[in-house]
Number of protein chains: 2
Amino acid sequence: MKAEIIAIGTELLLGNILNTNAQYLSQELAALGYDMYYQSVVGDNFDRVKACISQAVDRSNAVIITGGLGPTPDDLSKEAAAEALGLELFEDEESIKAIEGYFKKSGRTMAEANRKQALFPKERCVIFPNGNGTAPGCAMTAENGSVVILMPGVPYEMKLMFEAHAKPFLAKRSNKTLVSRNVLVAGIGESMLTTIIPEYFEMTDPTVSPYCKPGLVTLRVTAAAESAEKAAEKCDKTVKELTEILGKNVCGVDCGSIENAVVGLLKEKGLHIATAESCTAGKISAAITAVSGASGVFDFGASTYSNEMKQKLLGVKSETLEKFGAVSAETACQMSAGIRKYANSDIGLSVTGVAGPGQSENKPAGLVYISLCDGEHTWVVRLMVGNAQNDRERVRNNAVTVALDLARRYLEHLPKVMDGHTDPDSPAPLNPEEFCLGMLNMQNQ
Amino acid sequence: MKAEIIAIGTELLLGNILNTNAQYLSQELAALGYDMYYQSVVGDNFDRVKACISQAVDRSNAVIITGGLGPTPDDLSKEAAAEALGLELFEDEESIKAIEGYFKKSGRTMAEANRKQALFPKERCVIFPNGNGTAPGCAMTAENGSVVILMPGVPYEMKLMFEAHAKPFLAKRSNKTLVSRNVLVAGIGESMLTTIIPEYFEMTDPTVSPYCKPGLVTLRVTAAAESAEKAAEKCDKTVKELTEILGKNVCGVDCGSIENAVVGLLKEKGLHIATAESCTAGKISAAITAVSGASGVFDFGASTYSNEMKQKLLGVKSETLEKFGAVSAETACQMSAGIRKYANSDIGLSVTGVAGPGQSENKPAGLVYISLCDGEHTWVVRLMVGNAQNDRERVRNNAVTVALDLARRYLEHLPKVMDGHTDPDSPAPLNPEEFCLGMLNMQNQ
């Protein structure tokens, strides 16, 4: 089965936003066993959109369209698709009710403009309700049997609608089953992975594809077979090999995110964590609390941006700040010990660093210290993000990942396997690279 | 002049990598005055690539192709383009020398496979040397006068080649200049805007297009003219009208983000802000500190997730928590007053809410209270995010925007125009919609 994706919206054509929907849908469609031939982006122009849809319907079995379902006059995907397929649009009662209900819930009344969002063909059309926005989607069937699927352009609305409605709809029409597993790896970059496990990236069944985020690589293992069971078998064999090779650097399989893994481990062990963040200033506590149920393991996080607050709340010593500076292993350790004490938690996690662009000679932008304290021991990791001067968010996001990974490693393995721990007043920073490779070698022995 | 972009590579089709080149080129081409009509992605298949190029050459004046210039057999962009344009390829001496030189520099010798990278048409072709890789690019001219530009797919090689060669080449052929202004609007949704200023969305010169984020709409005003000055004039006239109509709901013009606007206002007025976040748990402090130089206006933020910490750090009264609950206007007000006091700042900003999925009957997921305290007065806003049960991040992101917008409105207009302020112990929550529309009407009178 051939599939192609059409994203509609002038903001994509002008490069105002990145076409992340296309990447998400490509991965999902490939996993459903569809062969991807084309992706296109078209502006909000009726004739051009209609022409693109007609061409796509002729050459592909499934055409997935995102965007152009909004209430404004330049939202015209549905109108263009219907005309391309020779279908007429009528107001759908249930959809109108749903849209009115959506506005009511947030104490507003529906604007007239939203009425057009409830227009759908009466035949050859399945409506996909939208629980998370005003625009319902749908699947229209062309006379040649090809399907045209229309979904909102807002990524979170699109993803939820795809999962709930489009995916099952498309799965039914696919002639093979694909199964995927995601192995989340922290502490080893993509290029380092290609030198450690090159053979896996050349495999064809299952395939192994790397997807990178700051400090994280997801290895997506995908196998195709006539049955889900057979495909899963193939996947799991490869996943087992990968986890054996990568050892402690594996955060989890299909765990979603490193914050999920950390919150899960905290719950499992009945421990509470508290955070003290300079530099990242709330990004770690925000990540932890993005996991539903985090309140069971997280009580308090402090964004101590000024030295005064580091002293007042965390009890960082003024001598330490004077002698070593706010961005130092010593300060990081006193922060993790201090927040643990103040929040009366089991684990204290801290970050202090130079996000840039400002920097000093001995404290370059990209230098970050991350510390974990459990009351008995304190660990500190030194992170140096390269070429960071003009990328505050990259420095901060990498720091968040390494901090969560330090907590993850502690909860899974420490202090047993992790040596090099230090006391708050004379820490010997570990370079995360060595630190992670150390784990890796340890695993391989 | 019409332009379109074709990215070639199976890794894009499968979603293994994100098509960032398309975004970069779209922005650059729009700024050069080209009208962007299409973007496509095609796999490494000769016939499909050739067909795409032929279609593009027929409908666009400039076709920009990235990828497929490598040494491997599945690199075939140049071959397909030449055949589509009826041109023959010959080995170019200078290019061969350059490639050999590139290998020498890194102490290697050129592989035979790289020879094909030096093949170019002898006529209707300008070669773009590549100082940062082995693949030279080029501009081929079709018989109908359209140009086909070929560049490497590796982003940094492509960008450097575009800047040095393709951009000047395309600028010569462009007949107009585009100028854009971005008007950032908070407190009015997209559909509400279409009922307030429908005529603006139908304008053609300048054009006005809305781009939405949680709680924010950016109105991008774009004008074309023979000179940048003339285009800017047109833009600014429309921007002035929009800011007059939307009044206090305008966060700024080309201000980048609402956090930029808030930090800018705090610096301008020499004020410091402190945050107390339950629910958003660090997202507001993270947003503020994403702005370089935030340390001049932000010292401390607290993610007080538990009631204990709300009492211990912020001095929220236990009676208040018992009587009204943690998610209440009363608690929000005591939090903003408490954090202001603890951090010894000018302004205290607080959030408490139900992110979901968990909820109670009288405290549904999506209910958030946001408060600002300046020591004299305390304001509180009640926010209800609809259908939020399965979308923690949407609730949290909307809360961040409304909180930053409350600070922005305070710094620009309060307490002068903003009535309905209350004292911490008996607040009368304002619904943000009324609150914003109130501002809007006030502006229109």
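The values are calculated or read from the model by the stated rules, or taken from the named source; none is laboratory data. Computed from a predicted structure; not experimentally measured. Glycine also receives a Cβ, built like all others from the backbone with ideal geometry; neighbour counts cover every protein chain displayed. Each accessible area value is taken on the protein alone, full model and side chains, heavy atoms only, with ligands, DNA and RNA left out. Shrake-Rupley method; radii C 1.70, N 1.55, O 1.52, S 1.80 Å.
Results, tabulated for the structure shown:
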item	result
Tally of residues being closer than 20 Å to B:Q311 by Cα and of a type in the set (A, V, I, L, M) across the stretch A:327-351	2
Condition broken by B:T352, with the remaining ones in (1) β-branched (V, I, T); (2) over 34 Å from the mean Cα position of the chain (by Cα); (3) not in a helix (DSSP H, G or I) satisfied	(2)
Considering residues of the stretch B:18-49 that are of a type in the set (D, E, K, R) and out of contact with any helix residue (DSSP H, G or I) (no Cβ under 7 Å at 6 or more places or on another chain) only, the residue most open to solvent (accessible area, probe 1.4 Å)	B:D47
Selection count, the stretch B:184-227, where residues are closer than 20 Å to A:G43 by Cα, part of a strand (DSSP E or B) and hydrophobic (A, V, I, L, M, F, W, C)	7
So A:R394, is it open to solvent by 10 Å² or more (accessible area, probe 1.4 Å), modelled with pLDDT under 95 and part of a strand (DSSP E or B)	no
Some residue of the stretch B:291-308 being of a type in the set (S, T, N, Q), out of contact with any Cys (no Cβ under 8 Å at 6 or more places or on another chain) and more than 7 Å from chain A (Cβ to nearest Cβ)	yes
When residues of the stretch A:306-344 are limited to those that are β-branched (V, I, T) and more than 30 Å from the chain's Cα centre (by Cα), the one surrounded by the fewest Cβ atoms within 10 Å (Cβ to Cβ)	A:T320
Any hit, the stretch A:397-407, residues being within 14 Å of chain B (Cβ to nearest Cβ), open to solvent by 10 Å² or more (accessible area, probe 1.4 Å) and without any contact (Cβ under 8 Å) to a residue 40 or more places away in the chain	no
Output for the stretch A:55-74, where each listed residue is within 29 Å of A:I96 (Cβ to Cβ) and of a type in the set (S, T, N, Q)	A:T66, A:T72
Total residues in the stretch A:289-309, condition within 16 Å of B:G296 (Cα to Cα) and in contact with a strand residue (DSSP E or B) (Cβ under 8 Å, 6 or more places away or on another chain)	6
Close pairs from the stretch B:197-220: first more than 8 Å from every other protein chain (Cβ to nearest Cβ), partner among the hydroxyl-bearing types (S, T, Y) and buried (at least 20 other Cβ atoms within 10 Å of the Cβ), Cβ under 7 Å, at least 6 apart	B:P206/B:T222; B:P206/B:T238; B:T207/B:T222; B:V208/B:Y200; B:V208/B:T238; B:P214/B:T401; B:G215/B:T401; B:L216/B:T401
Residues being surrounded by 24 or more Cβ atoms within 10 Å (Cβ to Cβ) and in contact with an Asp or Glu (Cβ under 6 Å, 6 or more places away or on another chain) - total across the stretch B:259-305	5
Test for B:A355: is it within 13 Å of chain A (Cβ to nearest Cβ), open to solvent by less than 20 Å² (accessible area, probe 1.4 Å), farther than 23 Å from B:L266 by Cβ and among the aliphatic types (A, V, I, L, M)	yes
Residues within the stretch B:80-98 that are assigned to a helix (DSSP H, G or I), open to solvent by less than 60 Å² (accessible area, probe 1.4 Å) and more than 17 Å from B:M110 (Cβ to Cβ), tallied	4
Residue match in the stretch A:236-257 (condition: out of contact with any strand residue (DSSP E or B) (no Cβ under 7 Å at 6 or more places or on another chain) and either assigned by TED's automatic domain parsing to the domain that holds A:A403 or in a loop (DSSP other than H, G, I, E, B) (or both))	yes
Single unsatisfied condition, A:I5 versus (1) more than 11 Å from chain B (Cβ to nearest Cβ); (2) surrounded by 20 or more Cβ atoms within 10 Å (Cβ to Cβ); (3) among the aliphatic types (A, V, I, L, M)	(1)
Qualifying residue in the stretch B:196-207 (condition: within 19 Å of B:V253 (Cα to Cα), surrounded by 22 or more Cβ atoms within 10 Å (Cβ to Cβ) and in contact with a helix residue (DSSP H, G or I) (Cβ under 6 Å, 6 or more places away or on another chain))	yes
Given (1) open to solvent by less than 50 Å² (accessible area, probe 1.4 Å); (2) of a type outside the set (A, V, I, L, M, F, W, C); (3) modelled with pLDDT of 50 or more; (4) farther than 18 Å from A:K269 by Cα, index of the condition A:G438 fails	(3)
From the options A:N144, A:N182, residue that is more than 30 Å from A:M110 (Cβ to Cβ), surrounded by fewer than 19 Cβ atoms within 10 Å (Cβ to Cβ) and assigned by TED's automatic domain parsing to the domain that holds A:L18	A:N144
Residue check for B:A286: closer than 30 Å to A:D299 by Cβ, without any contact (Cβ under 8 Å) to a residue 12 or more places away in the chain and within 12 Å of chain A (Cβ to nearest Cβ)	yes
Test: B:A84 is aliphatic (A, V, I, L, M) and over 19 Å from B:T10 (Cα atoms)	yes
Residue under evaluation A:N130, criteria (1) away from every other protein chain (no Cβ under 14 Å); (2) in contact with a Pro (Cβ under 6 Å, 6 or more places away or on another chain), criterion not met	(1)
Residue list for the stretch B:358-378, restricted to those being in contact with an Asp or Glu (Cβ under 9 Å, 6 or more places away or on another chain) and assigned to a loop (DSSP other than H, G, I, E, B)	B:A365, B:G366, B:D374, B:G375, B:H377
Test set (1) more than 7 Å from chain A (Cβ to nearest Cβ); (2) free of Cβ contacts under 8 Å to residues at least 60 places away in the same chain; (3) under 15 Å from B:V368 (Cβ atoms) - B:E330 fails condition number	(2)
Filter result for B:V49 (away from chain A (no Cβ under 13 Å) and more than 19 Å from A:N19 (Cα to Cα))	no
Failed condition for A:L246, given (1) open to solvent by 40 Å² or more (accessible area, probe 1.4 Å); (2) modelled with pLDDT under 95	(1)
